[in-house]
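Just below is one structure, and these are the notes that go with it.
None of the figures in this text is laboratory data; all of them are computed from the coordinates on show. None of these values were measured; they are calculated from a predicted model. Cβ placement follows ideal geometry from the backbone for every residue including glycine, while neighbour counts extend to all protein chains displayed.
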Amino acid sequence: MESQTVRLVVVGDGAVGKTCLLHVFAEGVFPEKYIPTIFDNYSSEIELNNQTIKFLLMDTAGQVSTNLNRPLSYPDANVFLLCFSIDSPTSLENVKNKWVPEVKKHRPNCPYILVGTKADIRNDKNMLAKLKDQGVEPVSVEAANQICKSIKAVKFMECSAMLNEGVREVFEEALYNGMYPPTEKTQEKKPGKCTLL
């Protein structure tokens, strides 16, 4: 039986948690310090409908200095994660104004999932107080769902890499949509069950 490869590309502003999200999924460990990404790739094997799928995970840097090189990872993508941080409303606006146009320019028919990272902040009283002192409110679920609908993302999901909550579900959804992209007419997906090995 021939194996299949699904390529996932993760995009979003710098420091929203893309690398941590990938690292927790691929390695099971939350990195303790921030290291800006240039390009990193991870690989995982997934069982789907009794077939082993090679799941290639491609990290990208969100900094402006990488604008010309970043799209080099887009051509073979099967699915994208468009990431923003719950503590940064600007990063959500940039999904709509920067990341979706960039992805659509290079992969117009590729599905993408809107992912809110750092969901643990919603329950962190110290961080919420710090944000309030800065005049910033965390992105609400309602605001994220509105953006999700307006950009025609497959789905909006939240996760916390630090607490390893919702991480597995994000990647299961991504794999599923990479294997069985929804059609524009129906937005329905083919049946299947993912089991992460």
* Using only the alpha carbon atoms of the chain, find the Kirkwood hydrodynamic radius as the inverse mean reciprocal pair distance, in angstroms to one decimal. => 17.0
* **Local electrostatic count, residue 10, Cβ distance below 9 Å [Lys/Arg +1, Asp/Glu -1]** => 0
* Mind giving me the nanometre distance, one decimal, between the label points for residue 47 and residue 125, set 7 Å out from Cα along Cα→Cβ? => 4.4
* Asked: For residue 34 and residue 172 in the same chain, what is the full-extension length gain: residue separation times 0.36 nm, less their Cα-Cα distance, in nm?
  -> 47.1 nm
* Listed highest first by mean packing, meaning other Cβ atoms within 10 Å per residue, what order do 172-181, 49-58 come in? -> 172-181, 49-58
* To do: Provide the per-residue ³J(HN,Hα) series for the range 5-13, in order, calculated from phi with Karplus coefficients 6.51, -1.76, 1.60 and θ = phi - 60°, each as a whole number of Hz, with x at glycine and proline positions.
  => 10, 10, 9, 10, 10, 9, 10, x, 4
* Structure fact -> Counting only DSSP beta bridges with both partners in the chain, the antiparallel fraction in percent, to the nearest 5, comes to 40
* Which FRET efficiency value, to the nearest 0.05, do you get for residue 134 and residue 155 by plugging their Cβ-Cβ distance into 1/(1 + (r/R0)^6) with R0 = 30 Å? -> 0.50
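Using per-residue counts of other Cβ atoms within 10 Å, averaged over each peptide, order 139-152, 80-93, 158-171, 105-118 from highest down.
80-93, 105-118, 158-171, 139-152
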* **Proximal charge balance of residue 76 [Cβ under 13 Å; K/R count +1, D/E count -1]** => +3
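Looking at the square roots a ≥ b ≥ c of the eigenvalues of the Cα gyration tensor of the range 87-145, which shape do they give, rounded for a/c under 1.5, prolate if a/b is larger than b/c, or oblate?
Because a/c hits 1.5 or more and a/b exceeds b/c, the range 87-145 counts as prolate.
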* Asked: Percent relative contact order of the chain, based on C-alpha pairs within less than 8 angstrom and at least six residues apart?
  -> 26
* To do: Could you go through the range 90-98 in sequence order and give the Karplus-derived ³J(HN,Hα) for each residue, using 6.51 cos²θ - 1.76 cosθ + 1.60 with θ = phi - 60°, rounded to whole Hz, and x for Gly and Pro?
  => 4, 5, 6, 4, 5, 4, 5, 8, 10
* Asked: Counting Lys +1, Arg +1, Asp -1, Glu -1, what net charge surrounds residue 85 among other residues with beta carbon under 9 Å of its beta carbon?
  -> -1
